[in-house]
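The next block holds one structure in the form of C-alpha cells; read it before the comments.
We did not get these values from a lab; they are worked out from the coordinates using the rules stated. Predicted, not measured: the structure shown is a model, and the values here were computed from it. All Cβ positions, glycine included, derive from the backbone under ideal geometry; neighbour counts span all protein chains shown.
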Amino acid sequence: MSEKIIDVRNVSKWYGAFRVLTDVNLTVEKGERIVICGPSGSGKSTLIRCFNRLEAHQQGDIVVNGITLHDRMRDVAEVRKNVGMVFQHFNLFPHMTVLMNCMVGPMWIKGVPEAEARKTALKFLERVRIPEQANKYPVQLSGGQQQRVAIARSLCMQPAVMLFDEPTSALDPEMVSEVLETMTSLAREGMTMVCVTHEMAFARAVADRVIFMNAGQIIEQGKPDDFFGNPQHERTKLFLSQILKH
Amino acid sequence: MLYPDTVESEVLVHKPWFVATLFVLVFAVFLAFDLTGTSMGELMRPVIGAPAESGFYGRFAIGLVIAVLFCLNIVLIGFASLRVQVTIVWFELLLLFLAFFTTFNLSLPFIAEKLPFMITQGLFTTIYVSAISIAIASIIAILGAVAKLSTNGFAYAIASFYTSFFRGLPLLMQVYLIYLGLPQLGFIIDAVPAGILALSLCYGAYMTEIFRSGIQSIDRGQWEASRSIGFGFGLTMRKIILPQALPVIIPPTGNQFISMLKDSSLVSVIGVWELMFLARTLGQKTFQHMEMLISAAMLYWVVSICLELIQSRIERHYARSKVR
C-alpha cells in the first residue's frame with residue numbers, strides 16, 4: 001500500500017461567478033511523477049496552486065501530506081514547509097545572493113544553523129550544476145540558471161513533493177533543456193513531482209501519469225504511452241494534434 | 001542618469017548660434033539695467049570715465065564686458081569633464097549668491113556674535129525635533145501602509161481616515177490644534193512634545209502613502225515565492241518585501257526628511273526655541289532681521305545638503321543587486 005502525498009476530492013473553485021475548477025479528483029502517491037497539460041485557461045495552474053494554498057478552493061477536500069487544507073494558517077504553513085514550488089517566472093529574491101536565496105528557507109523556517117544551511121545550499125546548487133554562481137545576484141544569471149536556482153531553493157527545504165508551474169515557458173528555447181535535464185534527474189532520484197508543462201517529450205520520458213485538463217475538469221488521464229498513443233477524448237486528440245504538429 | 005544615447009552630439013555651448021544667441025540676450029539684459037552706479041561701474045572707471053556721467057556709453061561698455069565674460073565662461077566650461085563642470089558651475093552660482101547677500105550690507109560681527117547660540121540652541125532643537133519626528137513618522141508609515149493594504153475593514157478605515165485627515169489640514173493648523181486642543185481634553189502638553197506630535201502625525205500620513213506605493217510596486221510573485229517557502233506575513237514583509245521596496249521608497253522619503261527639517265520651523269509659533277524662532281527674535285532688538293534670517297537660511301541649507309548626501313549614499317547602497 002503506497003502512501004498518498006496529495007489527495008484531491010471533488011474540488012471546485014470559483015472566481016466570482018466563473019467556475020475555474022469543477023469536481024476535480026486526483027491522488028498523487030509517493031514517488032509518483034505527474035504531468036498536467038491542457039489548453040491555457042483550463043485551470044491546471046490554479047489546481048496546483050491549490051495544493052499549497054496559494055489559491056483557496058471553495059468546495060471539496062485537499063489533503064497534502066496528511067494535513068487537510070483549510071483556513072487555519074498553522075496547517076497551511078505546515079503544508080508549505082513540505083511542498084516545494086517552482087514558478088514560471090522563477091521569483092527568486094533579487095536582493096539576495098543565489099546562496100542566500102537557498103539558505104533563508106531552512107534558516108528561518110526550520111531554524112537550521114547558518115553553517116549547516118550553507119552546506120545544504122551548496123550541495124543542492126551543486127546538484128543543479130551551478131555552484132560557481134553561488135555569490136552572484138539573480139539578475140546576473142541567465143533565465144535557465146535562475147530557474148535551476150529556484151529548483152535548488154525549493155530542494156533545500158527537503159520537500160515531500162515538488163510542484164512545477166510551467167517552469168520552462170518563460171525561457172529561451174536554448175535554456176529549456178538544461179532545466180528539463182535537472183527535472184529529469186530529480187525524477188530519476190525518486191522525487192514526487194507534479195508538473196504543469198507543455199513539454200510533451202519530457203512528459204513522455206518522465207511521467208508516470210499524464211493528466212489532461214479542459215475547462216476546469218480532468219477529462220483524461222493515463223500512462224504516457226496510452227495517453228499519447230491512443231487518446232480517448234476528442235478534445236485531447238485536438239490538443240495533442242495542435243501541440244505535436246511542430 | 002537618463003538613458004545615455006550612444007550617438008555623440010556636439011557640445012551645445014560650442015555651437016556658434018547658441019553662443020551668439022546667449023551673447024545677444026545677456027547683452028540686451030544688461031543694456032536694459034543701469035549698472036553704472038554699482039561696483040561694476042567703479043571697476044570700469046578707466047574705460048568709461050566717471051560712471052555717473054558715462055550715460056549710454058557706460059551702459060553699453062558694461063553690458064559688452066559682462067556678455068563677453070559670460071560667453072567666454074560657458075565656452076571654456078564646455079571643454080571640461082563632467083565632474084569639473086559640475087564643480088565650477090556650483091561654485092560660480094554660490095559666488096553670485098554671496099554677492100547678492102553682500103548687497104544687504106550685513107553686519108558680520110553681529111552674526112559672529114549670535115551664531116554660536118543659534119547653532120547650540122536653535123539648530124540643535126530643530127535637528128532633534130525633526131529626528132524624533134522622522135523616526136516616529138516612519139513607524140506610523142509602516143503600520144499605516146500595512147493597514148491600508150490589508151483586507152481588514154477596521155484597519156483600512158482607520159488608516160485611510162488618518163491619512164485623509166492629516167494630509168488634508170495645514171500643518172500649521174495641526175500644530176495649533178494639538179498644542180491648544182489637547183489641554184481641553186485634560187492633557188497638558190509641552191510645546192516641544194506637541195510640535196513633535198504634530199510633525200510625526202502629519203509626515204506619517206504622507207509617508208504612509210509613500211510606503212504603500214513602495215510595497216505595492218513589488219511583484220506579486222515575490223509574495224507567492226515567499227509564502228510558498230512557508231514564511232509568514234511578518235517574515236515576508238521584513239525580509240522579502242520591505243528590503244525590495246526600500247529603493248523605491250527612499251528617494252521620496254529623503255524628500256520628506258528634507259521637507260520635515262524645514263517644516264519644523266512651524267513649531268516656532270508655539271514658542272519652541274528652534275532655529276526659526278531664534279532667527280525671528282534675536283535680531284528684533286537691534287532691527288538686524290536680515291542678518292539672522294540669512295544665517296538661519298544658510299544653516300537650514302547646510303543641514304539639507306547633509307541629508308541629500310546621506311540619501312544619495314543610501315541609494316547607491318541599494319543599487320547593488322541591480323548591477324548586471
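Laid out as a table, the results:
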quantity: Least to most buried among B:Arg83, A:Arg19 (fewest other Cβ within 10 Å first); calculated: B:Arg83, A:Arg19
quantity: Average beta carbon contacts from partner chains per residue of B:233-244, 10 Å cutoff; calculated: 2
quantity: Choice from B:Met44, B:Met207, B:Met260 showing the highest fluctuation, given a GNM over chain B with Cα pairs closer than 10 Å; calculated: B:Met44
quantity: Where the Cα pairs of the protein assembly as shown fall when distances are cut into 20 Å bins, in %; calculated: 15, 33, 27, 18, 6, 0
quantity: Averaged over A:102-115, number of beta-carbon atoms from partner chains that fall within 10 Å; calculated: 2
quantity: Dipole magnitude (debye, nearest 20) for the protein assembly as shown, charges at Cβ of Lys, Arg, Asp, Glu; calculated: 880 debye
quantity: Value of relative contact order over chain A, rounded to a whole percent, pairs C-alpha under 8 Å and six or more apart; calculated: 26 percent
